[in-house]
């Protein structure tokens, strides 16, 4: 795939800070976009502000979510690009203060969503040449001591992309699976603001000082541009796991 014009793209977690920018950029590339999100209010804002986007209110962690997403597309249409973004807000406290339910929240959301949709992409299967992109996190590589199982969940998304790619190759399906990890906290996003608040408290420093300690973080637009490059085959890197920073895309061995 070298061009998104006329392609069918599904974005899960489309009403979040990153998901909304991804939707806008993919539409600007000439794709047909189905934006999926859990909350109606975010979807209504997206539909009002972004011309041409189709929306579906759906909890993507439900067992039947992949089937319902595929059914929401026009007859005989499957996604050419499936972007799995968003997930649960992590707990925001040190491990000694967490319950198991708090610690595991991202496993039941982020990991389950990635597993369900990658499994469905393989089982359906999606058309040869299609691309599945999981938005992971730099925490998967560096850890995050006040976010419970978040870092481990995001690392597992990388494993899921890798395992799915191996299965696609084994079966000769021609589907590409990619995990893309924004390298640094993005202070202007909803999740970034949450992380800044809790890390500043954890470290005993003003939030403004913590933000200043984040050197040249990538933006949601940087993430969206990386998604476009990877989905459209404009980045020549091989493998199933990449990071995106202010400097661009880099492969993860």
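Every read-out reported here was derived from the displayed coordinates using simple, explicitly stated rules and does not represent laboratory data. Just so it is clear, the model here is predicted, and its values are computed rather than measured. Note that we place each Cβ from the backbone using ideal geometry, even for glycine, and neighbour counts take in every protein chain shown.
Before moving on, here are some points about what is shown:
- Ranking of 113, 205, 184 by neighbouring Cβ atoms within 10 Å, starting from the fewest: 205, 184, 113.
- Relative to the longest principal axis of the Cα atoms of the chain, the long axis of helix 40-49 lies at roughly 70 degrees.
- In degrees, nearest ten, helix 17-28 long axis to first principal axis of the chain (Cα): 30
- The long axis of helix 220-231 is offset from the longest Cα principal axis of the chain by roughly 30 degrees.
- For region 207-253, the spread of Cα positions along each principal axis, largest first, Å: 38, 23, 13
- The Cα atoms of region 153-253 cover 53, 26, 22 Å along the three principal axes, with the biggest extent listed first.
- Kirkwood hydrodynamic radius over Cα pairs of region 1-135, then Stokes diffusion coefficient at 4 °C and 1.567 mPa s, in µm²/s: 84
- Footprinting exposure proxy for 107, 100 (fewest neighbouring C-beta atoms within 10 Å first): 100, 107
- Across the chain, Cα pairs under 8 Å and at least six residues apart give a relative contact order of 19 percent.
- FRET efficiency estimate (nearest 0.05) - Cβ-Cβ, residue 197 to residue 48, R0 22 angstrom: 0.15
- MRE, 222 nm, helices only [DSSP H, n ≥ 4, -39500 (n - 2.57), over the chain, to nearest 500]: -12500 deg cm²/dmol
- Put in line by how crowded their Cβ is, counting other Cβ atoms within 10 Å and starting with the fewest, 141, 134 read 141, 134.
- Förster radius 35 Å - calculated FRET efficiency between residue 170 and residue 5 (Cβ-Cβ, nearest 0.05): 0.65
- Computed from the Cα positions only, the extents of the chain along the three principal axes stand at 55, 42, 36 Å, in decreasing order.
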